[in-house]
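The values are calculated or read from the model by the stated rules, or taken from the named source; none is laboratory data. Bear in mind that the values here come from a model prediction, so they are computed numbers and not experimental data. FYI the Cβ positions are ideal-geometry reconstructions off the backbone, even for glycines, and counts take in every protein chain you see. The accessibility values were calculated without ligands, DNA or RNA, using every heavy atom of the protein model including side chains. Shrake-Rupley method; radii C 1.70, N 1.55, O 1.52, S 1.80 Å.
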Amino acid sequence: VKERKICEVLKVKPLGALAMIDEGELDSKIVAISLNDTKASLVNDVNDVEKHFTQAGDANEPKSLLSTRSKTFILWK
């Protein structure tokens, strides 16, 4: 993973949008992939992100984006 600078402008392929409620306010995020990423040609929407970018945990845990989001939320909370 290449580190990016703050305010760096990149050419990206938009994959979708995510709307969340953060402290009672609507917080919209755009999900995108850099066109320079080696997997950019493999992903065309957010469903492809799960296929190509999530990693399996232990043997009893399914390889899923939902599981990854849940763990991230628990760590954040």
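If R₀ is 22 angstrom, what is the calculated FRET efficiency for the pair Lys71 and Asp22, using the beta carbon separation as r and rounding to 0.05?
0.75
Provide the per residue accessible area, probe 1.4 Å, for the stretch 1-43, rounded to a whole number of square angstrom.
For the stretch 1-43, the per-residue accessible area is 90 Å².
Taking H placed 1.01 Å from N in the peptide plane, check which residues at least 5 places from Val12 or on another chain put their amide H under 5 Å from its amide H.
For Val12, whose amide H was placed from the backbone, the distant partners under 5 Å are Leu35.
Identify all aspartates and glutamates with a Cα-Cα distance to Lys13 below 12 Å; exclude those on the same chain that are fewer than 8 residues away in sequence.
Here the aspartates and glutamates satisfying the reach criterion relative to Lys13 are Asp37, Asp45.
Tell me, what is the 1.4 Å probe accessible area of Ser28, in Å² to the nearest 10?
Surface accessible to solvent at Ser28 totals approximately 80 Å².
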